[in-house]
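The values are calculated or read from the model by the stated rules, or taken from the named source; none is laboratory data. Quick caveat: nothing in here was measured; it's all calculated off a predicted structure. Positions of Cβ are generated from backbone atoms using ideal geometry, with glycine treated the same way; all protein chains shown enter the neighbour counts.
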Ligand SMILES: [Zn+2]
């Protein structure tokens, strides 16, 4: 008979091979997966192939989902979906640019192992979390523990871009069958029940072209843009009132990140352009819905227009709304993980929050399933030079995934 309960957990934890986990993490880092638009050779394809081969070699069932040319999701599983819930361990295969390699002490794709740390682009965000998820699933498979339901490992593309991978997963049978997900992003193994949301408001401002010496003959969109920027602190204050306060998340912020004018033609010092454009990066905490947030951004645009007669200001959300997410402490997944952290590490679970949005945002919004973000790596280190992960934290993560999965799929 397949082992259950405490015996199954002990067996499965014993099937985690520390050296194997370290080597897998280093192998994944050594395969660069920076997505460089216009270069078909710079995608997630090579690292996805490695994930597929590794999981296949260890006997997991899997499917490769071609999301876009050269950009495959790899989705593997063990256990049957018919007889219980389906838990996803989620990771992404893309990494952000290494930037200027001269700013790195350790080669960005060298995966150097020094004093208990693995260095490289993606060491934290998030080839370590992905490797820990893969090793956890294989450990459970090796231990032959009985699963009530299905454990799924998803290695998805494009998290750092438009999140095409997770959006695709949500349209597939295995995606639609999910009951809950652990997002293996670098959160120093804290249990993050909340994450901030984001809306990128692309604002279009129309005026009327005229000679710089005769501004009265035109409508200056740059003046209207300035009025809009003047509205930003007020917009931020109103959103802070609408959103819930959280001990783990910074309050909502509204940050202009791009301003542009003129939009066409050459730049000329004596020409008032006809249009201008701006992006507002709006970060949210849980609370208001899409319509409520949209009304506040509308109000800011209207107030700016009122101060610049003749101008029109409109906006749209780039890539839609990614609202803040939150799950409650009494969710079965949270309870499984609180117990899992203690069983795996002997320590109490620490709760935290995710400062940005992740693939988990899409899973929560599209599928309505509970998500908890928990993975190895310092929360501040992603996208920096000399990114690293602590090996001890990496191994703890794999153990936490094993214990949490066995608790959840008991
Ligand atoms: Zn990430």
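Details
- Spans of helices (runs of 4 or more DSSP H) in the range 149-246 with at least 3 residues farther than 25 Å from residue 354 by Cβ: 221-242
- Taking the range 340-379 as the range and being part of a helix (DSSP H, G or I), within 12 Å of the ligand (Cβ to nearest atom) and touching a helix residue (DSSP H, G or I) at 6+ places or on another chain (Cβ under 6 Å) as the test, only 359 passes.
- Selection from the range 380-399 of residues that are within 16 Å of the ligand (Cβ to nearest atom) and not in a loop (DSSP other than H, G, I, E, B): 388, 389, 393, 394, 397
- Conditions (1) in a helix (DSSP H, G or I); (2) surrounded by fewer than 20 Cβ atoms within 10 Å (Cβ to Cβ); (3) within 16 Å of the ligand (Cβ to nearest atom); number of the one not met by residue 142: (3)
- All of (1) touching a strand residue (DSSP E or B) at 6+ places or on another chain (Cβ under 6 Å); (2) more than 16 Å from the ligand (Cβ to nearest atom); (3) not in a loop (DSSP other than H, G, I, E, B) hold for residue 133 with one exception: (2).
- Residue match in the range 325-338 (condition: under 16 Å from residue 192 (Cα atoms), within 13 Å of the ligand (Cβ to nearest atom), at pLDDT 95 or above and surrounded by 16 or more Cβ atoms within 10 Å (Cβ to Cβ)): no
- Qualifying residue in the range 168-188 (condition: within 16 Å of the ligand (Cβ to nearest atom) and out of contact with any helix residue (DSSP H, G or I) (no Cβ under 8 Å at 6 or more places or on another chain)): yes
- Only one of the listed residues (161, 154, 177, 165) is at pLDDT 95 or above and surrounded by fewer than 24 Cβ atoms within 10 Å (Cβ to Cβ). That residue is 177.
- Within the range 109-130, considering residues that are within 16 Å of the ligand (Cβ to nearest atom) and part of a loop (DSSP other than H, G, I, E, B), the one farthest from residue 185 (Cα to Cα): 120
- Looking across the range 276-320 at every residue that is without any contact (Cβ under 8 Å) to a residue 40 or more places away in the chain and under 21 Å from the mean Cα position of the chain (by Cα), the one that is nearest to residue 200 (Cα to Cα) is identified as 320.
- Taking the range 42-103 and the strands (runs of 3 or more DSSP E) fully enclosed by it, the elements with 2 or more residues that are surrounded by fewer than 16 Cβ atoms within 10 Å (Cβ to Cβ) are at 61-68.
- Whichever residue in the range 248-266 is farther than 16 Å from residue 228 by Cα and in contact (Cβ under 8 Å) with a residue 24 or more places away in the chain and, among such residues, is surrounded by the fewest Cβ atoms within 10 Å (Cβ to Cβ): 250
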